[in-house]
Amino acid sequence: MANRPLVTLTTDFGLADPYAAAMKGVILKSCPDAEIVDISHQVPSHNILSGAFILANAAPFFPPNTVHLVVVDPGVGTDRAILVAQFGDQIYVFPDNGIITFIKESYPLQNMVEIKDFGLLGIEGASGTFHGRDVFAPVVGYIFSGKPISHLGSVPQHYTLLDLPQPRSSDEEMAGRVIHVDHFGNLITNISRQHFPSHWKDPKAALEVYCQDQHVGPIRTAYGQVEPGRPLAVFNSMNLLELAVNRGRFCDAFDVGDGAEVTIRRPEEAK
Amino acid sequence: MANRPLVTLTTDFGLADPYAAAMKGVILKSCPDAEIVDISHQVPSHNILSGAFILANAAPFFPPNTVHLVVVDPGVGTDRAILVAQFGDQIYVFPDNGIITFIKESYPLQNMVEIKDFGLLGIEGASGTFHGRDVFAPVVGYIFSGKPISHLGSVPQHYTLLDLPQPRSSDEEMAGRVIHVDHFGNLITNISRQHFPSHWKDPKAALEVYCQDQHVGPIRTAYGQVEPGRPLAVFNSMNLLELAVNRGRFCDAFDVGDGAEVTIRRPEEAK
Amino acid sequence: MANRPLVTLTTDFGLADPYAAAMKGVILKSCPDAEIVDISHQVPSHNILSGAFILANAAPFFPPNTVHLVVVDPGVGTDRAILVAQFGDQIYVFPDNGIITFIKESYPLQNMVEIKDFGLLGIEGASGTFHGRDVFAPVVGYIFSGKPISHLGSVPQHYTLLDLPQPRSSDEEMAGRVIHVDHFGNLITNISRQHFPSHWKDPKAALEVYCQDQHVGPIRTAYGQVEPGRPLAVFNSMNLLELAVNRGRFCDAFDVGDGAEVTIRRPEEAK
């Protein structure tokens with residue numbers, strides 16, 4: 001266990017309504033020493049892919065044994081399972097809808113349980129619309145009291161993963177898709193450094209990036225390597241290919257967004 | 001007193017400006033061990049009814065003796081009173097403008113004082129525009145130092161409550177109003193479970209919900225009980241009748257919002 | 001050092017993306033007892049003047065020795081310096097782009113170092129796009145471990161300050177500019193109380209405020225001193241002249257914004 005019980009929240013609740021705060025109140029009742037950190041409450045409503053992406057690029061940076069409550073849960077109140085799982089050194093509590101997909105790609109599953117014994121959590125009469133408050137929050141107190149997670153239920157037979165688009169590559173080009181548009185208007189693709197064919201990693205291999213057939217340019221290492229207002233491609237802090245405009249908004253300048261095709265090409269002369 | 005001094009903030013300050021953080025700085029100076037949790041800083045500007053609703057659906061979930069600072073305060077700098085009151089097991093510090101209305105409906109008043117002795121709080125020269133920072137924040141240190149709240153002033157002769165719209169019912173129907181549109185586009189009404197005529201609680205009493213005379217359907221227990229894109233009515237986690245579209249936005253689909261009329265009817269054959 | 005290691009964040013990251021939370025995870029790994037408070041993550045993208053203003057009106061209210069991480073950093077990954085400096089009793093970690101300007105105007109510089117020894121911070125292979133997570137966050141652990149800041153690098157020869165617009169005054173009028181439009185639609189100007197010619201401070205000196213030649217009225221001390229919907233001028237909680245509409249939005253009512261000219265005039269008869 002960590003020194004302080006650390007809890008994060010990733011939801012699509014927004015910040016105006018009382019929902020996130022009600023969860024925090026219940027967490028603090030269930031675990032008075034909990035330190036609660038918001039990952040995001042602005043996952044687009046019901047958008048599991050987006051929630052999965054945001055979770056995977058924040059949660060793994062926390063100290064070991066942090067408990068991450070993930071409540072992007074359009075199936076709340078139906079018979080969808082609620083899972084508790086450790087991937088790497090982090091603990092996740094999440095609805096079984098695929099939101100764990102990116103985490104699972106990068107961190108080994110240590111153990112997983114489907115919550116079945118709600119009585120152990122002290123839950124009586126959960127609402128049918130707000131399991132974040134009525135089910136997920138009390139799990140925090142249970143976990144940090146040191147009780148075994150395995151007692152909460154049984155190992156699920158299977159769990160849901162999203163069918164993610166994968167980049168494809170030939171000898172001449174790699175093609176991927178935009179999977180996230182961030183606050184800065186930067187486009188983040190599913191092309192990671194490790195997808196690169198090994199002979200492309202040669203820094204002398206001049207590469208050119210295109211987005212929906214519009215030319216972006218070669219791959220840079222910082223936004224400031226082009227003039228303000230000019231576009232660039234860069235492997236970002238997530239090791240994913242990102243398209244940006246220095247001090248601008250790529251999504252607006254190129255009028256593209258989620259799902260747009262991004263290709264990396266080797267000009268004839270570079271082969 | 002709680003183990004840790006817990007403080008929440010409910011304001012209409014938004015999150016971009018320095019206002020909420022300046023309050024937090026002063027709170028931490030006045031009470032270095034305070035744990036501060038945001039309920040919301042996105043109450044619509046100057047909207048007391050909305051602030052009252054958000055407060056009432058988050059604050060009561062916190063551990064006993066949490067201090068809730070409520071700064072939706074268009075009358076700042078005028079002679080409106082600042083009140084400190086305990087309702088149920090929670091402590092509220094708020095301007096006397098009705099923002100305590102929903103709390104007062106559900107939790108018994110234990111005691112109340114109007115702050116008059118600003119010197120006791122160590123306040124000299126509060127601004128006329130930002131009592132959140134200059135008056136409310138220092139109250140936290142005073143309360144958690146264990147000093148008696150009663151010394152801060154005197155019991156007010158009266159305090160302000162909003163004149164809330166009440167649902168009306170006949171033998172054939174109940175009619176209420178939308179009092180909040182949430183982040184998901186769900187409409188929350190002033191019709192609570194306890195408003196129901198007892199003979200309507202019979203689960204065999206087929207009930208149909210309408211919004212501005214558009215048909216919504218029977219009352220469900222989870223969003224997922226209708227197909228994605230379809231509307232439903234449900235008693236939500238606040239025990240209030242809520243209109244939603246599964247994985248969609250009711251307010252947009254039905255083009256309705258705050259104040260819309262919602263009726264529950266018993267079809268002729270069900271009587 | 002303060003009792004608890006206090007850290008604040010001021011960024012243009014927004015709240016939807018994983019960026020702010022990834023920083024917090026790294027801060028908590030580097031300093032497990034850190035208490036993290038958001039000043040703002042909604043500084044307009046790449047807007048250093050706006051970030052400087054928000055920082056200066058929140059950070060100084062925190063307990064002494066709070067560490068303020070400031071990541072409005074369009075030059076990330078270039079050779080712009082990262083500075084650690086104490087102004088007054090607060091510690092700031094910030095890119096050398098002028099974001100410290102308003103702080104420097106009001107608080108004495110105690111000491112400053114340009115970070116050069118990234119190895120001391122345990123940093124290997126920072127990304128070129130996210131120094132908030134990879135460089136700024138680890139500084140927190142270094143500082144709160146009590147190690148000397150001076151070991152991190154050397155005193156910079158110079159550091160960047162913004163060229164702020166200054167109000168100008170004659171015997172008949174003072175003219176300044178709007179430097180911030182807040183969440184309420186209030187306009188905040190660069191005219192402070194101390195800019196006032198001494199003979200104007202005479203309360204009998206009837207003064208009239210204009211915005212882009214539209215009449216606003218005399219200087220008040222609270223929003224509620226005019227009827228709802230009516231405009232007013234007030235010296236606000238930052239001691240800056242602010243234009244507001246009681247329970248309304250000045251920026252919309254007068255169709256003005258950042259950079260608008262605001263003048264204070266003494267009518268002929270008042271001289």
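One table, with the values for the structure above:
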read-out	value
Filter result for residue A:150 (farther than 28 Å from residue B:183 by Cβ, more than 14 Å from every other protein chain (Cβ to nearest Cβ) and not hydrophobic (A, V, I, L, M, F, W, C))	yes
Which listed residue is modelled with pLDDT under 95, closer than 28 Å to residue B:155 by Cβ and not assigned by TED's automatic domain parsing to the domain that holds residue B:189, from B:79, B:89, B:96	B:79
Filter result (of a type in the set (A, V, I, L, M, F, W, C), part of a loop (DSSP other than H, G, I, E, B) and more than 9 Å from chain C (Cβ to nearest Cβ)) within region A:219-245	A:226
Matching strands (runs of 3 or more DSSP E) fully within region A:1-115 where at least 2 residues are among the acidic types (Asp, Glu)	A:35-40
Count of residues meeting criterion [within 17 Å of residue B:240 (Cβ to Cβ) and among the polar types (S, T, N, Q)] in region B:94-113	2
Hits in region B:10-40 - residues which are surrounded by 24 or more Cβ atoms within 10 Å (Cβ to Cβ) and more than 11 Å from chain C (Cβ to nearest Cβ)	B:10, B:39, B:40
Residue list for region C:38-82, filter: in contact with an Asp or Glu (Cβ under 6 Å, 6 or more places away or on another chain) and more than 15 Å from residue C:98 (Cβ to Cβ)	C:45, C:64
Evaluation of residue C:262 against (1) within 26 Å of residue C:53 (Cα to Cα); (2) of a type outside the set (Gly, Ala, Ser); (3) at pLDDT below 95 (one fails), failing number	(3)
Matching residues in region C:83-115 - criterion: being closer than 19 Å to residue C:73 by Cα and not aliphatic (A, V, I, L, M)	C:92, C:94, C:95, C:96, C:97, C:98, C:101, C:102, C:104, C:114
Residue list for region B:118-145, filter: under 24 Å from residue B:103 (Cα atoms) and of a type outside the set (Ser, Thr, Tyr)	B:131, B:132, B:133, B:135, B:136, B:137, B:138, B:139, B:140, B:141, B:143, B:144
Pairs with Cβ under 9 Å, 6+ apart, first in region B:154-180 and without any contact (Cβ under 8 Å) to a residue 60 or more places away in the chain, second surrounded by 14 or more Cβ atoms within 10 Å (Cβ to Cβ) and of a type in the set (Phe, Trp, Tyr)	B:169/B:196; B:169/B:200
Matching residues in region A:41-74 - criterion: being touching a Pro at 6+ places or on another chain (Cβ under 7 Å) and surrounded by fewer than 20 Cβ atoms within 10 Å (Cβ to Cβ)	A:46, A:63
Yes/no for residue C:53 being within 7 Å of another protein chain (Cβ to nearest Cβ), touching a residue at least 24 places away in the same chain (Cβ under 8 Å) and of a type in the set (Phe, Trp, Tyr)	no
Residue check, residue C:191 among the aliphatic types (A, V, I, L, M), under 17 Å from residue C:57 (Cβ atoms) and within 14 Å of chain B (Cβ to nearest Cβ)	no
Selected residue [more than 19 Å from the chain's Cα centre (by Cα) and on the phi > 0 side of the Ramachandran plot] from B:77, B:141, B:88	B:77
Residue list for region C:136-173, restricted to those being touching a Ser or Thr at 6+ places or on another chain (Cβ under 7 Å) and more than 13 Å from residue C:84 (Cα to Cα)	C:141, C:161, C:162, C:164, C:173
Qualifying residue in region B:131-143 (condition: in a loop (DSSP other than H, G, I, E, B) and touching a helix residue (DSSP H, G or I) at 6+ places or on another chain (Cβ under 8 Å))	no
In region B:75-106, the residues that are among the hydroxyl-bearing types (Ser, Thr, Tyr) and buried (at least 19 other Cβ atoms within 10 Å of the Cβ)	B:92, B:101
Test: residue in region B:202-209 that is over 27 Å from the mean Cα position of the chain (by Cα), part of a loop (DSSP other than H, G, I, E, B), crowded, with 17+ Cβ neighbours inside 10 Å and at pLDDT below 95	yes
Residue within region C:177-190 that is part of a loop (DSSP other than H, G, I, E, B), under 28 Å from residue C:47 (Cα atoms) and touching a helix residue (DSSP H, G or I) at 6+ places or on another chain (Cβ under 7 Å) present	yes
Any chance residue C:185 is closer than 27 Å to residue B:131 by Cα, surrounded by fewer than 19 Cβ atoms within 10 Å (Cβ to Cβ), modelled with pLDDT of 95 or more and in contact with a Gly (Cβ under 6 Å, 6 or more places away or on another chain)	no
Residues located in region A:121-170, provided they are of a type in the set (Val, Ile, Thr) and within 16 Å of residue A:30 (Cα to Cα)	A:123, A:135, A:139, A:140, A:143, A:149
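Yes or no, residue by residue, for (1) crowded, with 17+ Cβ neighbours inside 10 Å; (2) in contact (Cβ under 8 Å) with a residue 24 or more places away in the chain:
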{"site": "A:224", "(1), (2)": "yes, no"}
{"site": "A:236", "(1), (2)": "yes, yes"}
{"site": "A:243", "(1), (2)": "yes, yes"}
{"site": "A:250", "(1), (2)": "yes, yes"}
{"site": "A:255", "(1), (2)": "no, no"}
{"site": "A:261", "(1), (2)": "no, yes"}
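Yes/no matrix, rows are residues, columns are (1) out of contact with any His (no Cβ under 7 Å at 6 or more places or on another chain); (2) among the acidic types (Asp, Glu):
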{"site": "B:16", "(1), (2)": "no, no"}
{"site": "B:25", "(1), (2)": "yes, no"}
{"site": "B:67", "(1), (2)": "yes, no"}
{"site": "B:80", "(1), (2)": "yes, no"}
{"site": "B:83", "(1), (2)": "yes, no"}
{"site": "B:89", "(1), (2)": "yes, yes"}
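The values are calculated or read from the model by the stated rules, or taken from the named source; none is laboratory data. Treat the numbers as computed from the prediction; the structure is a model and nothing was measured. Backbone-built Cβ (ideal geometry, glycine too); neighbour counts: all protein chains shown.
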